[in-house]
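Take a look at the structure set out below.
The values are calculated or read from the model by the stated rules, or taken from the named source; none is laboratory data. For clarity, every value in this text was computed on a predicted model and none was experimentally measured. Here Cβ is always computed from backbone atoms with ideal geometry, including for glycine, and neighbour counts include all displayed protein chains. Areas reflect the complete protein model, heavy atoms only, side chains present, ligands, DNA and RNA absent. Shrake-Rupley method; radii C 1.70, N 1.55, O 1.52, S 1.80 Å.
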Amino acid sequence: MKTLDLRGLICPLPVLRANKAMRDLAAGEVMRVLADDPAAPADFRLYCETTGHRLVEIANDDNAVAIVIAKKG
């Protein structure tokens, strides 16, 4: 599973960077995003609804939120 550390970035950068990284994944592959922007959980929920990617999990991970996304396919 690819991990993308986006801590320290604020909206809209985490979603924009994650979107770019998703392009390199094959259908069904999973990516874990680490973000500390308080808006990240809501932003990534909306991102997945809009793009069709599947939001697998949102969990607290130390001082960040770990967001797991599976690429649509």
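Here are the numbers for the structure shown:
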read-out	value
Any pair with Cβ under 7 angstrom, 6 or more apart, that starts in region 60-71 at a residue that is at negative phi and ends at one that is part of a strand (DSSP E or B) and among the small types (G, A, S)	A64/A35; V65/A35; A66/A59; I67/A35
Matching residues, region 6-30, being touching a residue at least 40 places away in the same chain (Cβ under 8 Å) and open to solvent by 40 Å² or more (accessible area, probe 1.4 Å)	R7, A26, A27, G28, E29, V30
Restricting region 42-53 to residues that are under 9 Å from the mean Cα position of the chain (by Cα) and within 17 Å of G73 (Cβ to Cβ), the residue that is surrounded by the most Cβ atoms within 10 Å (Cβ to Cβ)	Y47
Count of residues meeting criterion [open to solvent by 50 Å² or more (accessible area, probe 1.4 Å) and either over 11 Å from N63 (Cα atoms) or not charged (D, E, K, R) (or both)] in region 31-41	2
Output for region 54-73, where each listed residue is open to solvent by 50 Å² or more (accessible area, probe 1.4 Å) and not acidic (D, E)	R54, L55, V56, I58, N60, N63, K72, G73
Strands (runs of 3 or more DSSP E) lying entirely in the chain (those with 1 or more residues that are touching a Lys or Arg at 6+ places or on another chain (Cβ under 7 Å) and aromatic (F, W, Y))	none
